[in-house]
């Protein structure tokens, strides 16, 4: 698994997630995403960021197998802290972040794109927060930035997914393009931003975060508290074991 970061001549930094087979990130993976975004924002040569992924989908959330194969609560705590750090780094990146979403974007993936500044998606992209199936809570904060409240609640309680094309009507996804045009579309938007005076864009990012009606960091942290309660009650572990067993049976 690798998180790569490449600065282009136009000032656009491309951060790529590659964790086969489904980009379900390990604890270290989430921290690596956070580090890449922090580095991008701290670099004055970076004027905008494109966050993308290799493989079949953008992100499948946390690596549940790592969590179930680790004794105690070390992996659980690590995943919670790592996700918090990664989502926070996207949101607080000093320059705008354009998410280029392909295929599935689930759980932690929604946390990443929900905190991005702009979303471009491929025509096979879909979004969902299936946390309730694994006895966890989280990313409702970020899904609520993609869809209206009642839609968010329906998606959350049912673990249903929603197509990227349906998010265009809500204004959360800028455009949907064929898969082979996704990178170009994301780079085009990021390039437009990067061409502006970076001093103004960085000030604008700080200003827009400052007037956000919801503190996404505190809101997500509040959600995580309920995840810990479910883990202490043994509910989450039971459901994750069931998920891991189902995935093993598929192979």
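Data for the structure
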quantity	calculated
Failed item in (1) in contact (Cβ under 8 Å) with a residue 40 or more places away in the chain; (2) in a helix (DSSP H, G or I); (3) closer than 20 Å to residue 112 by Cα, with residue 218 passing the rest	(1)
Qualifying residue in the range 63-77 (condition: buried (at least 21 other Cβ atoms within 10 Å of the Cβ) and within 19 Å of residue 143 (Cβ to Cβ))	no
Flag for residue 82 being assigned to a helix (DSSP H, G or I), modelled with pLDDT of 95 or more and surrounded by 24 or more Cβ atoms within 10 Å (Cβ to Cβ)	no
Of all residues in the range 15-52 being in contact (Cβ under 8 Å) with a residue 60 or more places away in the chain, outside any helix (DSSP H, G or I) and within 15 Å of the chain's Cα centre (by Cα), the one that is surrounded by the fewest Cβ atoms within 10 Å (Cβ to Cβ)	22
Failed item, numbered, when residue 76 is tested on (1) in contact (Cβ under 8 Å) with a residue 40 or more places away in the chain; (2) on the phi < 0 side of the Ramachandran plot; (3) touching a strand residue (DSSP E or B) at 6+ places or on another chain (Cβ under 7 Å)	(3)
Residue match in the range 195-206 (condition: in a helix (DSSP H, G or I) and within 17 Å of the chain's Cα centre (by Cα))	no
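The values are calculated or read from the model by the stated rules, or taken from the named source; none is laboratory data. Predicted, not measured: the structure shown is a model, and the values here were computed from it. Using ideal geometry, Cβ is built from the backbone for each residue, glycine included, and neighbour counts are taken over all protein chains shown.
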